[in-house]
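Below is one structure, written out as structure tokens; comments come after it.
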Amino acid sequence: RAKSHGHSTLEIFDEAMGEMAFRRMHLETQLRKDLSDHAPAFWVAYQPIVDPLTARIVGVEALARWHSHGQSVSPDEFIRIAEESDLIHDLGLRVLRTSLAATTVWSPLQPDLSLAVNVSPVQLRRADFCERVREALREQGLSPHLLCLEITEGALLESSSVSIRNLTELHQAGVRLAVDDFGSGYSSLSQLRRFAVHRLKADKSFAEDIPLLRAVADLGVALRCEVLAEGIETAEQRDTLVQLGYRLAQGYFWHKPRPASEIEHLLVRQAAQNTT
Ligand code: C2E
Ligand code: MG
Ligand code: MG
Ligand code: MG
């Protein structure tokens with residue numbers, strides 16, 4: 001029997017499960033603490049959004065960053081933990097307020113700079129979400145149309161009436177809506193039409209796929225919304241985008257997500273170039 005060889009498969013499995021559960025619990029506790037303490041371990045990085053033709057920075061996307069005991073934890077992991085607990089509301093609001101404050105500081109350098117912030121479907125299910133966003137905008141004094149909230153296709157599929165009301169009210173408040181990782185999920189065109197979508201972000205996995213990038217570009221024309229290509233890493237991919245008429249892009253080819261201070265340097269340099 002397996003037992004006689006030491007650990008049974010089941011025991012090893014149990015142990016692995018136990019370790020995973022322990023890590024998850026530990027991270028949740030730590031994240032809760034860091035968020036409530038306003039610890040510097042939790043911060044916001046910004047990835048420039050550029051015009052692929054000129055490389056001009058036209059906006060930034062706020063991306064949450066977290067270090068637990070000096071080790072950076074991937075957003076994919078800690079966002080899921082935050083979504084499965086109640087932490088996503090605090091976390092999301094923290095990212096929103098921090099990034100709105102930063103954008104307000106940057107706007108004298110570039111008045112049309114837009115800010116993209118990721119929103120979890122869990123946040124949309126809370127009745128006061130839209131009001132919180134409006135409050136944050138009022139506090140920071142940023143024009144609502146400079147804020148673009150990114151939601152994944154999954155969130156559009158939600159039929160929860162609260163989510164729908166939030167999305168509708170945000171639109172009425174002048175806030176823009178982007179569909180993130182577009183093409184990786186299951187939303188249908190009719191679902192897209194239910195909401196006033198301002199921007200489609202072609203999923204990173206399309207960066208190498210010219211026909212799919214073209215399809216998203218065509219869809220943008222049909223739905224009268226902006227299209228953006230994510231995950232662009234090479235000059236060749238950039239050239240493709242330009243040929244397809246994309247006016248918005250993001251990727252390591254131009255910039256990785258960076259701390260606010262570095263974004264400020266980039267914007268100062270860009271503003272100086274514009275005046276010379
Ligand atoms: P996302 O919103 O689709 O963000 C784009 C991800 O692609 C980011 O990963 C970014 O660092 C990465 N990326 C950008 N350019 C390139 C590139 O050229 N190549 C490659 N391979 N990757 C690139 P990150 O920062 O790890 O975030 C992962 C996901 O976590 C985000 O995907 C978003 O869904 C979620 N996330 C991050 N911050 C927040 C937040 O504040 N709230 C919520 N709800 N979700 C967030
Ligand atoms: Mg995003
Ligand atoms: Mg994405
Ligand atoms: Mg993503």
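Things to note:
- So Ser184, is it open to solvent by 40 Å² or more (accessible area, probe 1.4 Å) and farther than 29 Å from Trp43 by Cβ: no
- Residues (touching an Asp or Glu at 6+ places or on another chain (Cβ under 6 Å) and at pLDDT 95 or above) located in region 181-231: Arg199, Lys201
- Conditions (1) within 21 Å of the chain's Cα centre (by Cα); (2) modelled with pLDDT of 95 or more: number failed by Pro40: (2)
- Qualifying residue in region 52-74 (condition: surrounded by fewer than 17 Cβ atoms within 10 Å (Cβ to Cβ), in a helix (DSSP H, G or I) and either among the aromatic types (Phe, Trp, Tyr) or more than 24 Å from the chain's Cα centre (by Cα) (or both)): no
- Of all the residues in region 154-176, those that are buried (at least 21 other Cβ atoms within 10 Å of the Cβ) and within 16 Å of ligand 4 (Cβ to nearest atom) number 2.
- Members of region 178-211 that are more than 16 Å from ligand 4 (Cβ to nearest atom) and either within 13 Å of Leu124 (Cβ to Cβ) or part of a helix (DSSP H, G or I) (or both): Leu189, Ser190, Gln191, Leu192, Arg193, Arg194, Phe195, Ile210, Pro211
- Scanning region 88-135 for residues that are more than 16 Å from ligand 4 (Cβ to nearest atom), within 20 Å of Leu146 (Cβ to Cβ) and in a helix (DSSP H, G or I) yields a count of 20.
- Within region 79-93, residues that are β-branched (Val, Ile, Thr) have Cβ atoms under 8 Å from residues that are in a loop (DSSP other than H, G, I, E, B) in these pairs: Ile79/Ser120; Ile88/Ser120, counting only partners at least 6 apart in sequence or on another chain.
- Pairs where the first residue, in region 245-268, is of a type in the set (A, V, I, L, M) and the second is not in a strand (DSSP E or B), C-beta under 6 Å, 6+ apart: Ala249/Pro52; Ala249/Ile232; Ala249/Leu241; Ala260/Ala102; Leu267/Trp106; Leu267/Leu109; Leu267/Gln110
- Scope region 216-226; condition open to solvent by 50 Å² or more (accessible area, probe 1.4 Å) and assigned to a helix (DSSP H, G or I); matching residues: Asp218, Val221, Ala222
The values are calculated or read from the model by the stated rules, or taken from the named source; none is laboratory data. What you see is a predicted model, and the numbers here were worked out from it, not measured in a lab. We place every Cβ from the backbone using ideal geometry, glycine too, and count neighbours over all the protein chains shown. When the accessible area is computed, the model is the full protein with side chains, heavy atoms only, and any ligands, DNA or RNA have been set aside. Shrake-Rupley method; radii C 1.70, N 1.55, O 1.52, S 1.80 Å.
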